[in-house]
Amino acid sequence: MSIGVSIREPVAKFLSNKFIYNGALLSIGVALVAVFTFVRSLVLARGISLEDFGIATALLTSMSLVQMATAIAGEKQVLQDEDGGTDQFLAAVHTLAVIRGLFCGVLMFFASGPISSFFGLSDVLWAFQVVALGPVIAGFTHYDYSAMQRQSNHKAAIFVSTMPDVLVTMLTLPAVVIWPDYRAIFLACLGWPLIRCVLSHTTSQRPYRLSMNSTLVVKLLKFSWPLMLSGLLLFLVFHGDRAVVGHYFSMYELGFFSLVLTAFLLPSQLLHKVYDSLFLSPLSKAFQQRDRFESQQFLIWYSLFALSTAYVLFSILLGPWLFIFLFGEKYAPGLNLLPWIVLMVSVRILRIATSMLALATAQPYCELYANLVRASALPIAIIGLAMGYPIECVPIAGIIGELLALFVGLVSLNLPASRVVKPPAIPGMIMLWLTSMVFITAEIVIDINPPYVSVTLAAVLLITMIFFSIKQYSKFTIERGFPNNV
């Protein structure tokens, strides 16, 4: 009997840990998004031709251009600002979002002609004009679900962010049957923002209001203008390569390039969402109150190093087989790009930390500087393609850009000397990670299969980083007042 009690008590304490509970909840939500996004890509890749998949990529790329170039980061502002949970602040965010959505829709409609010509798709101009409705619909989203996260209530946010992917994925199969070509992508371009908008209103606890409060709007714009410029740079980072490939190659090459990039970039994008939702608000409060800021930095860095290494290890061992098994042999040419894209994404995962620190300390220009450097990889890729180099030069240029962006993101952070933490604090960990990446690159170049050295180093690094993450998490829970035996 006493044994049963001794077992139940630690379990009860573990489950009562709110931080762990929220982390598990967010992870489940992100996992669902990942699964259904992947399934949707799988259905589209299997259900339409490779060329039609390339056209669908061009449509999504054009919509992303105007959306990312005008991003106001409403969710992040609600989480980061000390007044983010007030009715007045939400109303100002809604107003700015509506204006932005209308502007994006009009801009995309009139730019659809030049964009379609750039991709050599003037015969489907009407499709580019139709997807211009997507940003307009998204502009009427209710951001109360983001405000709820300030009180560690993540249920509404998870529901709003997860269910659109679930429903759109369920509808994709009949859409592919009805339109077995690029038109099936309309469901993602228009259906996803519509469902998300409806769900954001149904889960809100306060009425939807618009307010042209000039003081708050100016404050929002002051915070978001670097993010808007950064969003344009992010477009060049994540979609500029697709645009370049679509311009220099046919829709066939764009199809398999886009699928490999989408499939293996997804983990970093989902991780960024989890870390923002879980850590951004506590990290911002810790910085403002000068309390536990260093320990939270350590925890973020160690965990990201571990996750980045695990990602590389998994992708090296199982990535090629899994890709062909899921998407089919017609996408086999994309395997030549996979190792380079994996290396690029592994650095991208580490950059989540610098992005969060920039936002938590109200220094969005640091992220702007980093993305500016990252965007410099695009001209390198263009020069390489113009000189006749193969398509692999695009992700190779991306690796160079990501490494430079990580360095600039760290250097540009202006933190008080007492709160500067070098990530991680043990230089040997950095050297081990970099050594693993170097060996992986070398084994890619000389085509060693299987890559014994890089796999071994990555495994050692993963175990080491997991150990330090657990150790740092124990310290973090004690500082937050959680039981030290959790």
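Every read-out reported here was derived from the displayed coordinates using simple, explicitly stated rules and does not represent laboratory data. Since this is a predicted model, take the numbers as computed values, not measurements. Heads up, the Cβs are rebuilt from the backbone with ideal geometry, glycines too, and the neighbour counts pull from every protein chain shown.
For this structure, a couple of remarks:
- Ordering of 142-148, 259-265, 102-108 by packing is 142-148, 259-265, 102-108, highest average first (other Cβ atoms within 10 Å, averaged per residue).
- The residues 112, 117, when put in order of fewest to most other Cβ atoms within 10 Å, stand as 117, 112.
- In terms of packing, defined here as the mean over residues of other Cβ atoms within 10 angstrom, the peptides 403-413, 379-389 line up highest first as 403-413, 379-389.
- Per-residue Cβ neighbour rank within 10 angstrom, fewest leading, 250, 303, 49, 62: 250, 49, 303, 62
- In sequence order, calculated HN-Hα J values of the range 211-222 (Karplus, 6.51, -1.76, 1.60; Hz; x Gly/Pro): 8, 8, 7, 4, 5, 5, 4, 4, 4, 5, 5, 4
- Across the range 309-319, coupling constants 3J(HN,Hα) worked out from phi with the 6.51/-1.76/1.60 Karplus curve, θ = phi - 60°, read 5, 4, 4, 4, 4, 5, 5, 5, 7, 10, x Hz, and Gly and Pro carry x.
- Sorted ascending by nearby beta carbons within 10 Å, beginning with the fewest, 202, 361 become 202, 361.
- Backbone geometry of the range 128-138 corresponds, through the Karplus equation with coefficients 6.51, -1.76 and 1.60 at θ = phi - 60°, to 3J(HN,Hα) couplings of 5, 6, 5, 5, 5, 6, x, x, 5, 4, 5 Hz, x marking Gly and Pro.
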